[in-house]
1. For residue 288, are the conditions met, namely being touching a strand residue (DSSP E or B) at 6+ places or on another chain (Cβ under 6 Å), assigned to a loop (DSSP other than H, G, I, E, B), within 16 Å of the ligand (Cβ to nearest atom) and at negative phi?
2. Hey, can you tell me all the residues within region 54-101 that are away from the ligand (no atom under 16 Å from the Cβ), touching a helix residue (DSSP H, G or I) at 6+ places or on another chain (Cβ under 6 Å), touching a residue at least 60 places away in the same chain (Cβ under 8 Å) and closer than 12 Å to residue 126 by Cβ?
3. Give the number of residues within region 256-268 that are out of contact with any strand residue (DSSP E or B) (no Cβ under 6 Å at 6 or more places or on another chain) and more than 16 Å from the ligand (Cβ to nearest atom).
4. Checking the structure you have, find out if any residue of region 302-314 is within 16 Å of the ligand (Cβ to nearest atom), surrounded by 19 or more Cβ atoms within 10 Å (Cβ to Cβ) and under 21 Å from residue 189 (Cα atoms).
5. Please go through (1) surrounded by fewer than 19 Cβ atoms within 10 Å (Cβ to Cβ); (2) part of a helix (DSSP H, G or I); (3) touching a strand residue (DSSP E or B) at 6+ places or on another chain (Cβ under 7 Å) for residue 95 and return the number of the only condition it doesn't satisfy.
6. State whether one or more residues within region 109-129 are closer than 24 Å to residue 356 by Cβ and touching a strand residue (DSSP E or B) at 6+ places or on another chain (Cβ under 7 Å).
7. Scanning for something farther than 27 Å from residue 70 by Cβ and modelled with pLDDT of 95 or more, does region 285-304 turn up at least one residue?
8. Could you say which residue among 369, 385, 331 is crowded, with 17+ Cβ neighbours inside 10 Å and either at pLDDT below 95 or not in a helix (DSSP H, G or I) (or both)?
Ligand code: MG
């Protein structure tokens with residue numbers, strides 16, 4: 001049977017042609033460190049706990065496994081779901097549900113069936129997105145197909161931008177931006193907030209008059225700051241990202257009518273419906289797409305369709321992923337056909353140690369291309385994963401075989 005060239009159809013039917021028995025699921029807490037702390041208006045990111053899921057099963061050819069990676073961070077500054085919440089949701093709700101459905105159907109569900117399963121269990125979106133990734137990775141590895149092939153994308157480089165956090169002073173900031181621009185990044189996104197906005201933006205703009213520059217406030221302002229924010233128009237920014245609280249779509253709509261700079265939303269857009277509402281209310285004219293925040297690849301492909309139909313530019317946001325989940329985002333960026341550079345720099349540029357074997361061979365910031373390895377992303381380095389695992393729980397497919405091994 002010919003596979004659909006429509007990525008959304010190909011995605012939901014992934015698993016229809018495989019026959020996978022699932023024997024166990026490992027949920028791992030892996031501790032990684034960022035190369036240097038990233039300061040935002042909401043706090044400082046320095047460590048990166050990563051929740052990984054490993055599905056262990058068999059297909060007609062023998063053993064098969066698949067991995068999923070969770071976007072949840074150490075704390076709740078970006079999302080109410082942090083790494084501990086994700087771990088608990090996976091252990092107590094999502095993984096038992098997948099084992100139970102697989103047991104009763106005699107095979108692991110397709111992605112379309114998995115989407116239905118998720119609407120039946122109340123759980124968190126970041127954890128659900130991670131398990132969706134693991135299910136997809138297992139099916140793709142069983143088939144010997146890459147996520148890029150499934151989505152019918154080629155090997156053209158995807159445009160890449162860099163993010164720079166708040167700095168000690170504008171001299172340090174401009175130094176860091178200089179280095180990133182010299183490194184070939186096509187866009188710089190500055191983190192801003194109260195007390196770190198006009199002067200630093202002006203300094204970067206003076207040093208780089210033609211730079212594709214955008215700023216991210218991570219909800220630090222309120223509607224009483226509209227006049228102040230409207231003054232940013234003089235900096236000719238590509239967009240101003242998430243100035244107000246995530247619930248405040250009407251505030252963003254007011255601001256959008258007051259300033260020429262496009263408003264981009266990130267934290268607000270936690271579902272396809274929210275993206276549709278935000279666009280209808282004209283609360284934003286640019287979309288930051290993070291598949292995990294939407295609940296996974298299925299809804300992300302739907303947002304790409306909505307934005308494309310409305311000619312709304314989007315770009316791919318980052319969550320300090322390892323090279324595995326970042327490769328997934330690179331393919332999503334390629335599917336979207338976006339011309340806006342995304343947060344897609346190689347994982348080793350922000351993580352002290354990455355978990356993928358191929359990280360060291362990454363060609364550089366301008367040459368990020370979709371991975372062709374069977375599965376969702378490049379293979380994880382098992383020894384590296386083991387070395388950084390600080391906690392693991394293993395769930396078995398038979399009732400009562402649930403045990404933790406610390
Ligand atoms: Mg953001």
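1. Numbers: touching a strand residue (DSSP E or B) at 6+ places or on another chain (Cβ under 6 Å): yes; assigned to a loop (DSSP other than H, G, I, E, B): no; within 16 Å of the ligand (Cβ to nearest atom): yes; at negative phi: yes.
Taking the combined requirement at face value, the residue does not satisfy it.
2. Answer for region 54-101, where residues must be away from the ligand (no atom under 16 Å from the Cβ), touching a helix residue (DSSP H, G or I) at 6+ places or on another chain (Cβ under 6 Å), touching a residue at least 60 places away in the same chain (Cβ under 8 Å) and closer than 12 Å to residue 126 by Cβ: 68, 69, 70, 90.
3. The qualifying residues number 4.
4. Kept after step one, since they are within 16 Å of the ligand (Cβ to nearest atom), are these residues of region 302-314: 303, 313-314.
From what's left, surrounded by 19 or more Cβ atoms within 10 Å (Cβ to Cβ): 303, 314.
If we keep only those that are under 21 Å from residue 189 (Cα atoms) as well, we get 314.
The answer is yes; a qualifying residue exists.
5. Single failed check for residue 95: (1).
6. no
7. Here is the first cut: in region 285-304, the residues farther than 27 Å from residue 70 by Cβ are 285.
Now narrow it down to the ones that are modelled with pLDDT of 95 or more: 285.
There is at least one residue in region 285-304 that is farther than 27 Å from residue 70 by Cβ and modelled with pLDDT of 95 or more.
8. Details: 385 fails: either at pLDDT below 95 or not in a helix (DSSP H, G or I) (or both); 331 fails: either at pLDDT below 95 or not in a helix (DSSP H, G or I) (or both).
Of 369, 385, 331, the one residue that is crowded, with 17+ Cβ neighbours inside 10 Å and either at pLDDT below 95 or not in a helix (DSSP H, G or I) (or both) is 369.
The values are calculated or read from the model by the stated rules, or taken from the named source; none is laboratory data. All values derive from a computational prediction rather than experimental measurement. We place every Cβ from the backbone using ideal geometry, glycine too, and count neighbours over all the protein chains shown.
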